[in-house]
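The values are calculated or read from the model by the stated rules, or taken from the named source; none is laboratory data. As the structure is a prediction and not an experimental result, all values here were calculated from the model. A quick note on method: Cβ atoms are made from the backbone with ideal geometry, for glycine too, and the neighbour counts reach across all protein chains shown. Just the protein is used for accessible areas: all its heavy atoms, side chains included, with ligands, DNA and RNA removed. Shrake-Rupley method; radii C 1.70, N 1.55, O 1.52, S 1.80 Å.
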Amino acid sequence: MKQQYSNHKKYYIPHHFIFLPMMLAFIILGICQSFKDAVHQLEWTLFSILSFCIFYLAIMLRQHYALGNQNRIVRLEFRLRYLELFGERSKKVEDQLSFSQIAALRFAADDEFAVLLDRALKEKLSGDEIKKAVKNWQADNMRV
């Protein structure tokens, strides 16, 4: 399938559609059982708290490490692309852009990059607005 704005988000099926829903079900089960089973209320409450902690850690750790690394790579790609297209360092321009804007520009083809970069600087386009303005979407199939 060709990547574009409407389908550019990526999901990891075992994580997003199996593990996380299962942990959410455990949390709900624990909360419901803590109200229904007065004899074991403390155990069910602890089960719910533990399930929530695992759920939270699973979301945060997976995203934290992958996104931190990915963000550095996206910035480096922007710097290299800017250097290739304009023949100069991107420091002044990069300082005026948010990470969201820089990340959105990676989906633009080279001929659109300069135009969208100029619009982002002058019109303060958000990352989402930049993505929607891309006509020739360049897929990023390697992101996490």
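Computed values, structure above
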item: Any hit, region 58-79, residues being within 30 Å of Met22 (Cα to Cα), in a helix (DSSP H, G or I) and in contact with a Leu (Cβ under 8 Å, 6 or more places away or on another chain); result: yes
item: Residues within region 82-108 that are within 17 Å of Trp137 (Cα to Cα) and open to solvent by less than 40 Å² (accessible area, probe 1.4 Å), tallied; result: 7
item: Residue within region 114-121 that is farther than 19 Å from Leu80 by Cα and either in a helix (DSSP H, G or I) or open to solvent by less than 40 Å² (accessible area, probe 1.4 Å) (or both) present; result: yes
item: Exclusive hit being of a type outside the set (Asp, Glu), touching a residue at least 40 places away in the same chain (Cβ under 8 Å) and open to solvent by 50 Å² or more (accessible area, probe 1.4 Å), set Tyr11, Tyr5; result: Tyr5
item: Residue in region 11-19 that is under 28 Å from Phe113 (Cα atoms) and part of a loop (DSSP other than H, G, I, E, B) present; result: yes
item: Residue in region 52-74 that is in contact with a helix residue (DSSP H, G or I) (Cβ under 8 Å, 6 or more places away or on another chain), open to solvent by 90 Å² or more (accessible area, probe 1.4 Å) and of a type in the set (A, V, I, L, M, F, W, C) present; result: yes
